[in-house]
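Down below is the structure, laid out as structure tokens.
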Amino acid sequence: MPLMSSRQMQTLIRPLVRGLTPYVPGEQPKIKGLIKLNTNENPYPPSPRVLAATRAAVDGRLRLYPNPTAQPLREKLARLHNCRPENIIVGNGSDELLALAVRAFVEPIVGQASRLSLAAKTPALRCSKSIVQFFTPSYSLYPVLGDIHGAARNAVPLSADFALPSLAELERARQWDFRAALTFLTTPNAPSGRGYRTEQLEELCCAHKGVVVLDEAYVDFARENALALALKYRHVLVARTFSKAYSLCFQRVGYCVGHPGLIAALNKIRDSYNVNGLGQVAALATLDDLPRYRANFQRIIVTREQLSRELEVLGFRVFPSHTNFILVRPPKYSALWWLKKLRDRKILVRWFSDPSVQDYLRITIGRPDEAAALVKAAKTIL
Ligand SMILES: *Cc1c(COP(=O)(O)O)cnc(C)c1O
């Protein structure tokens with residue numbers, strides 16, 4: 001039999017999948033001496049206790065399956081958050097949990113007719129049960145997760161300076177769908193770094209009929225968190241991760257807090273052993289060492305404020321941040337030009353092509369010496 005043509009081969013793939021544009025993660029280049037400020041990783045390593053616990057777990061037990069429900073980790077998290085283990089699901093990074101939420105709560109669109117009705121501008125004609133909703137700019141994974149599932153997106157712009165629009169503004173503009181099956185809200189916001197008041201988040205959640213996921217990936221660098229809302233309202237989930245604040249990107253551990261009913265729905269559709277064993281060990285050891293991590297957050301916040309002031313002096317517009325990164329508008333030249341010039345000097349930052357942020361660079365807060373190198377490079381470029 002002759003080889004299948006590539007056209008024929010393409011027909012083996014679902015049309016939806018053929019048409020997908022995948023999520024683009026930040027680069028992880030292996031360049032010696034590179035200052036890597038592009039993916040919001042923590043510049044400080046995990047604590048020695050976490051490294052020791054992880055190393056100690058590398059032995060013959062690697063042949064065994066890990067705890068399928070991450071039970072010990074959920075118990076410890078429940079004590080930390082004053083709730084029950086049934087309020088918590090652990091995932092292979094919080095990304096997995098965001099994807100599970102789409103699959104559990106959003107009805108995929110079937111057929112072209114309903115596709116058309118989803119585009120309807122009038123709220124009454126919208127098919128809210130198929131909508132994944134989010135503000136722009138926010139985490140660029142949300143639209144991709146919706147597309148993979150065959151859901152409809154409703155992307156609504158944030159107000160000036162990345163503030164959350166008020167309820168009255170959202171109602172007036174009629175674009176926001178308070179019945180959307182699933183709403184993702186990045187708080188503090190990425191890529192702007194702006195933090196939101198719990199009061200305002202509560203007001204917004206209360207106006208919603210569908211599930212609201214508050215994505216708190218960066219909340220440890222902020223002044224307040226909205227975890228209480230997930231324990232107060234049945235339709236609200238809070239997503240957290242060990243990646244950024246707890247220096248465990250490599251291990252892929254995140255979790256969601258919420259009502260046991262929603263958590264049970266997510267549990268039904270996850271893989272049996274979704275969280276790898278070494279990740280569970282590392283996350284457990286992290287929770288035994290929290291004071292050390294809190295000191296680490298403070299160091300990063302101090303560097304963030306210092307770097308922000310120094311870049312402002314050089315003419316950068318710096319947005320106030322409650323995260324471990326800052327969004328800046330560089331002076332004189334385009335953001336893309338700055339990206340290249342900094343890269344030539346072995347400093348990697350992040351640029352997004354989305355029109356809402358294409359004039360800006362997102363800079364992860366590194367160690368003080370990395371921040372100093374960035375300021376020095378900026379001075380030379382200018
Ligand atoms: C990094 C990030 C996540 C995902 O983190 P995981 O590594 O998958 O736990 C989720 N939301 C936002 C906004 C992020 O920036």
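Out of the stretch 169-186, which residues are closer than 21 Å to HIS149 by Cα and either part of a loop (DSSP other than H, G, I, E, B) or not β-branched (Val, Ile, Thr) (or both)?
Just the residues of the stretch 169-186 that are closer than 21 Å to HIS149 by Cα, to begin with: 176-186.
Those that are closer than 21 Å to HIS149 by Cα and either part of a loop (DSSP other than H, G, I, E, B) or not β-branched (Val, Ile, Thr) (or both): TRP176, ASP177, PHE178, ARG179, ALA180, ALA181, LEU182, PHE184, LEU185.
Limited to the stretch 129-151, what total is found for residues that are modelled with pLDDT under 95 and surrounded by 20 or more Cβ atoms within 10 Å (Cβ to Cβ)?
Adding up the residues that qualify gives 0.
Would you point out which residue out of ALA70, ALA78 is small (Gly, Ala, Ser), surrounded by 15 or more Cβ atoms within 10 Å (Cβ to Cβ) and without any contact (Cβ under 8 Å) to a residue 40 or more places away in the chain? Walk me through how you get there before you give the answer.
On the way: ALA70 fails: without any contact (Cβ under 8 Å) to a residue 40 or more places away in the chain.
Unique residue meeting the criteria: ALA78.
Taking VAL50 as the residue in question, decide whether it is on the phi < 0 side of the Ramachandran plot, modelled with pLDDT of 95 or more, of a type outside the set (Asp, Glu) and surrounded by fewer than 22 Cβ atoms within 10 Å (Cβ to Cβ).
no
Confirm whether ALA56 is of a type outside the set (S, T, N, Q), at pLDDT 95 or above and surrounded by 14 or more Cβ atoms within 10 Å (Cβ to Cβ).
For ALA56, the condition - of a type outside the set (S, T, N, Q), at pLDDT 95 or above and surrounded by 14 or more Cβ atoms within 10 Å (Cβ to Cβ) - is not met.
Anything in the stretch 224-251 that is farther than 26 Å from GLN298 by Cβ, in contact (Cβ under 8 Å) with a residue 60 or more places away in the chain and in contact with a helix residue (DSSP H, G or I) (Cβ under 6 Å, 6 or more places away or on another chain)? List them, or say none.
Of the residues in the stretch 224-251, the ones farther than 26 Å from GLN298 by Cβ are 231-237.
Checking the rest, the ones that are also in contact (Cβ under 8 Å) with a residue 60 or more places away in the chain come to 231, 237.
If the condition is that a residue be farther than 26 Å from GLN298 by Cβ, in contact (Cβ under 8 Å) with a residue 60 or more places away in the chain and in contact with a helix residue (DSSP H, G or I) (Cβ under 6 Å, 6 or more places away or on another chain), then LEU237 is the only one that fits.
Of the residues in the stretch 1-28, how many are under 26 Å from the mean Cα position of the chain (by Cα) and either part of a helix (DSSP H, G or I) or surrounded by fewer than 10 Cβ atoms within 10 Å (Cβ to Cβ) (or both)? Explain how you work it out, then say what you get.
As a first pass, look at the stretch 1-28 and keep what is under 26 Å from the mean Cα position of the chain (by Cα): 16-28.
Narrowing the set further to residues that are either part of a helix (DSSP H, G or I) or surrounded by fewer than 10 Cβ atoms within 10 Å (Cβ to Cβ) (or both) leaves 16-19, 21-22.
So the count comes out to 6.
Go through the stretch 352-372 and count every residue that is among the hydroxyl-bearing types (Ser, Thr, Tyr) and either buried (at least 21 other Cβ atoms within 10 Å of the Cβ) or not in a loop (DSSP other than H, G, I, E, B) (or both).
At the first step, the residues of the stretch 352-372 found to be among the hydroxyl-bearing types (Ser, Thr, Tyr) are 353, 356, 360, 364.
With either buried (at least 21 other Cβ atoms within 10 Å of the Cβ) or not in a loop (DSSP other than H, G, I, E, B) (or both) added as a condition, the list becomes 360, 364.
Total meeting the criteria: 2.
Scan the stretch 352-363 and report the pairs whose first residue is farther than 14 Å from GLY193 by Cβ and whose second residue is modelled with pLDDT under 95 and hydroxyl-bearing (Ser, Thr, Tyr), with Cβ atoms within less than 8 Å and a gap of 6+ or a chain change.
Listed pairs, sorted by first residue: ASP354/SER140.
Being surrounded by 13 or more Cβ atoms within 10 Å (Cβ to Cβ) and within 27 Å of TYR23 (Cβ to Cβ) is the filter here; which residues of the stretch 152-169 pass it?
Here is the first cut: in the stretch 152-169, the ones surrounded by 13 or more Cβ atoms within 10 Å (Cβ to Cβ) are 152-158, 162-167.
Of everything in the stretch 152-169, those that are surrounded by 13 or more Cβ atoms within 10 Å (Cβ to Cβ) and within 27 Å of TYR23 (Cβ to Cβ) turn out to be ALA152, ARG153, ASN154, ALA155, VAL156, PRO157, LEU158, PHE162, ALA163, LEU164, PRO165.
Specify the residue that is surrounded by the fewest Cβ atoms within 10 Å (Cβ to Cβ); the eligible residues are those in the stretch 202-217 that are acidic (Asp, Glu) and within 10 Å of the ligand (Cβ to nearest atom). Break it down into steps so the answer makes sense when it comes.
So in the stretch 202-217, the residues acidic (Asp, Glu) come out as 202-203, 215-216.
In the following step, the residues that additionally are within 10 Å of the ligand (Cβ to nearest atom) were identified as 215-216.
Working: ASP215: 28, GLU216: 23.
Top of the filtered list is GLU216.
If I ask for residues that are part of a loop (DSSP other than H, G, I, E, B) and either without any contact (Cβ under 8 Å) to a residue 24 or more places away in the chain or within 16 Å of the ligand (Cβ to nearest atom) (or both), which ones from the stretch 187-201 would you list? First the steps, then the outcome.
Just the residues of the stretch 187-201 that are part of a loop (DSSP other than H, G, I, E, B), to begin with: 187-197.
THR187, PRO188, ASN189, ALA190, PRO191, SER192, GLY193, ARG194, GLY195, TYR196 - these are the residues of the stretch 187-201 that are part of a loop (DSSP other than H, G, I, E, B) and either without any contact (Cβ under 8 Å) to a residue 24 or more places away in the chain or within 16 Å of the ligand (Cβ to nearest atom) (or both).
Among the residues of the stretch 74-103, write down those that are more than 22 Å from LEU145 (Cα to Cα) and hydrophobic (A, V, I, L, M, F, W, C). Please lay out each step first, then the result.
Keep residues of the stretch 74-103 that are more than 22 Å from LEU145 (Cα to Cα), which gives 74-87.
Answer for the stretch 74-103, where residues must be more than 22 Å from LEU145 (Cα to Cα) and hydrophobic (A, V, I, L, M, F, W, C): LEU77, ALA78, LEU80, CYS83.
Name the residues in the stretch 293-318 that are assigned to a helix (DSSP H, G or I), of a type in the set (A, V, I, L, M), more than 12 Å from ARG367 (Cα to Cα) and in contact (Cβ under 8 Å) with a residue 12 or more places away in the chain, would you? Steps first, please.
If we filter the stretch 293-318 for residues that are assigned to a helix (DSSP H, G or I), which is where we start, we get 293-313.
Right, trim to of a type in the set (A, V, I, L, M) and you get 295, 300-302, 307, 311, 313.
Cutting the leftovers down to more than 12 Å from ARG367 (Cα to Cα) gives us 295, 311, 313.
Within the stretch 293-318, LEU311 is the sole residue that qualifies.
Quick check on my filter: what residues within the stretch 218-263 are within 12 Å of the ligand (Cβ to nearest atom), among the aliphatic types (A, V, I, L, M) and either assigned to a helix (DSSP H, G or I) or surrounded by fewer than 23 Cβ atoms within 10 Å (Cβ to Cβ) (or both)?
VAL219 - this is the single residue of the stretch 218-263 that is within 12 Å of the ligand (Cβ to nearest atom), among the aliphatic types (A, V, I, L, M) and either assigned to a helix (DSSP H, G or I) or surrounded by fewer than 23 Cβ atoms within 10 Å (Cβ to Cβ) (or both).
Hey, can you tell me all the residues within the stretch 266-285 that are out of contact with any Leu (no Cβ under 7 Å at 6 or more places or on another chain) and crowded, with 19+ Cβ neighbours inside 10 Å?
So the first thing to find is which residues in the stretch 266-285 are out of contact with any Leu (no Cβ under 7 Å at 6 or more places or on another chain), and the list is 267-268, 271-279, 281, 285.
Once the filter is applied, which keeps residues that are out of contact with any Leu (no Cβ under 7 Å at 6 or more places or on another chain) and crowded, with 19+ Cβ neighbours inside 10 Å, the stretch 266-285 yields ASN274, VAL275, LEU278, GLY279, VAL281, ALA285.
I'd like the full set of residues that are part of a helix (DSSP H, G or I), over 17 Å from VAL213 (Cα atoms) and at pLDDT 95 or above, limited to the stretch 82-120. Even if it seems obvious, please write down each step before you answer.
As a first pass, look at the stretch 82-120 and keep what is part of a helix (DSSP H, G or I): 85-87, 94-105, 111-118.
When the remaining residues are screened for being over 17 Å from VAL213 (Cα atoms), the result is 85-86, 111-118.
Across the stretch 82-120, the qualifying residues are PRO85, GLU86.
The values are calculated or read from the model by the stated rules, or taken from the named source; none is laboratory data. What you see is a predicted model, and the numbers here were worked out from it, not measured in a lab. With ideal geometry, Cβ positions are generated from the backbone for all residues, glycine too; neighbour counts draw on all protein chains shown.
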